[in-house]
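Here's the structure, in structure tokens; my notes come after.
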Amino acid sequence: MIKNKFTGEEVVFSCEVFPPKRNDDIYGIFKTLDEIKVIQPDFISVTYGAGGGNRKNTVAIAAYIQNICEVPALAHMTAVGMDDEKLALLLSDLKLKGVNKVLALRGDKPKTMTEEEFNQREYKYASDFIPKIREVGEFEIAAACYPEKHPESQSVEDDIIHLKEKTDKGVGFLITQMFFDNSKFFSFLEMAEKHGITTPVHAGIMPITSANQLGTSVTLSGSSVPAELSNMIAKYGASPEDMKKAGVEYAVNQIEGLLKEGIHGIHLYSMNKSDVTIDIYNAIV
Ligand code: FAD
């Protein structure tokens, strides 16, 4: 169980990959995973239709991580667009392939779905979805949390109140949305603790290694961008090589700041970049 790793003092290091947009690029991600496996992360997670992306290959990639790379795989899954039958099929497919860890998410409204369809979803929140996965048994279940609140929440506290409902449904550990300012994460942890949340929290770090990441992933996440990071992008953004170096350095500094405060769960949003993932891992362990 991944959750047991959080009780030790060792750094728990994991990363996220996403399925390529085109099905015929799947060998590219396999190659990336072959490179990442050398550092033997504690687990590798695979997204499921994130940002309107590809859902099709999540199981195949999770199976590759689990069986070929021999690294524990965590398959993301979303409640949106799911019903009991589809869920049973997805879980049995994962089980058959030896994948027994899932990140249970509500998900966002896909562009192709109407507001009405979205509102009629079978599982309203992740906290309704989790018990359905638990019913099947044998899956370790993780969930998401948001140090700077989920974009739909009125406040961090309001979001944490719902997060407590979610962790009460039986969540092994939480993975945070990306954040770039450690103080936001520490405030969140303090408030979560006040609300009785004892579930281990794995800190999500996204290395910004190209200027256009800010315009896409970061904007969508709603995470705030400290002046130090925007100045870095202004200074190095035009030079891909310098930007990559500066982005790795920023992420390493951020992680070192967390480790210094006794946080030892680090989840890297790898953006499918094995070199960046390995450089950061080697700098922090
Ligand atoms: P929930 O926990 O259900 O919360 C959603 C909102 O509803 C929050 O504002 C919450 O406060 C509120 N809420 C919860 N319960 C209640 C209630 N009872 N009453 C009123 N309000 C309530 N998306 C993908 O499509 N694919 C992925 O692979 C993916 N991976 C992700 C990985 C991580 C680590 C994170 C942080 C996010 C990921 N996402 C992914 C994005 C995620 O699907 C969206 O952020 C989504 O909008 C919320 O999902 P959730 O499970 O956090 O939702």
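How big is the gap, in Å, between the Cα center of segment 86-139 and the Cα center of segment 143-210?
When both Cα centres are located, 20 Å separates them.
Apply 1/(1 + (r/R0)^6) to the Cβ-Cβ distance of R22 and E193, taking R0 = 41 Å, and write down the FRET efficiency to the nearest 0.05. Before the final figure, lay out each step's value.
Numbers: r = 44 Å, r/R0 = 1.07.
For R0 = 41 Å, the calculated efficiency reads 0.40.
Rounded to the nearest 0.05, what FRET efficiency do A88 and S183 give with R0 = 51 Å and r taken as the Cβ-Cβ distance? Could you check?
On the way: r = 43 Å, r/R0 = 0.84.
Rounded to the nearest 0.05, the efficiency is 0.75.
Springs between alpha-carbon atoms under 10 Å, Gaussian network over the chain: tell me which of N182, N23, N57 tops the mean-square fluctuations.
In the Gaussian network model the winner is N23.
Counting only the backbone N, which residues of segment 154-183 are under 12 Å from the spot 7 Å out from the Cα of M1 toward its beta-carbon?
Residues 170-173 fall inside that zone.
Out of all DSSP beta bridges in the chain, what portion is antiparallel? Express it as a percent rounded to 5. Could the numbers behind the result be given before it?
Working: 0 of 28 bridges.
About 0 percent, rounded to the nearest 5.
With only Lys, Arg, Asp and Glu charged, each at its Cβ (+1 for the first two, -1 for the last two), find how big the charge dipole of segment 2-284 is about the Cα centre; round to the nearest 20 debye.
Charge dipole, segment 2-284, about its Cα centre: 420 debye, nearest 20.
Starting from the Cα gyration tensor of the chain, take the square roots of the eigenvalues, sort them a ≥ b ≥ c, and report rounded, prolate or oblate (rounded when a/c is under 1.5, otherwise prolate if a/b is larger than b/c, else oblate). Let's see the in-between values first.
On the way: a/c = 1.36, a/b = 1.20, b/c = 1.14.
Here the chain falls in the rounded category.
Using a/c under 1.5 as the rounded threshold, could you call segment 1-105 rounded, prolate or oblate? The axes a ≥ b ≥ c are square roots of the C-alpha gyration tensor eigenvalues, and prolate needs a/b larger than b/c, oblate otherwise. Can you show the working numbers first?
Numbers: a/c = 1.79, a/b = 1.23, b/c = 1.46.
Oblate shape, in that a/c is at least 1.5 and b/c is the bigger or equal ratio.
Roll a 1.4 Å probe over the protein chains and send me the accessible area per residue for the chain in Å². Don't skip to the answer; put the middle values down first.
Numbers: 13700 Å² over 285 residues.
For the chain, the per-residue accessible area is 48 Å².
Give the peptides 215-224, 162-171 in descending order of average Cβ contacts within 10 Å, highest first. Mind dumping the intermediate values first?
Working: 215-224: 14.6, 162-171: 18.3.
Ranking, from highest mean packing down: 162-171, 215-224.
Which order do R134, R55 take when ranked by solvent-accessible area (1.4 Å probe, heavy atoms of all protein chains), largest first? Mind showing how you got there, number by number?
Values: R134 130, R55 85 Å².
Reading off the accessible areas and sorting them downward yields R134, R55.
First select every other residue whose beta carbon is under 15 angstrom from the beta carbon of K194; then total the charges, Lys and Arg +1, Asp and Glu -1. Could you put the intermediate results ahead of the total?
Details: positive: K164; negative: E157, D158, D159, E190, E193.
Cβ neighbours under 15 Å give a net charge of -4.
Express in % the proportion of alpha carbon pairs of segment 48-184 at distances exceeding 21 Å. Write down the numbers at each step before the final one.
Values: 4098 of 9316 pairs.
Across segment 48-184, Cα pairs with separations above 21 Å total 44 percent.
Cut-off under 20 Å on the C-alpha distance; same-chain residues fewer than 8 positions from K194 excluded. Which aspartates and glutamates are left, in chain and number order?
Filter leaves E148, E157, D158, D159, E165, D168, E261.
What percentage of the solvent-accessible surface of segment 2-284, computed with a 1.4 Å probe over protein heavy atoms, is contributed by carbon and sulfur atoms?
On the way: 6780 of 13470 Å².
Summing carbon and sulfur atoms, their accessible area is 50 percent of the total for segment 2-284.
The values are calculated or read from the model by the stated rules, or taken from the named source; none is laboratory data. Computed from a predicted model, the values in this text were never measured in an experiment. Every residue, glycine as well, gets a Cβ built from its backbone with ideal geometry; the counts of neighbours run over all protein chains shown. Please note that ligands, DNA and RNA were not included when accessible areas were found on the heavy atoms of the full protein model with its side chains. Shrake-Rupley method; radii C 1.70, N 1.55, O 1.52, S 1.80 Å.
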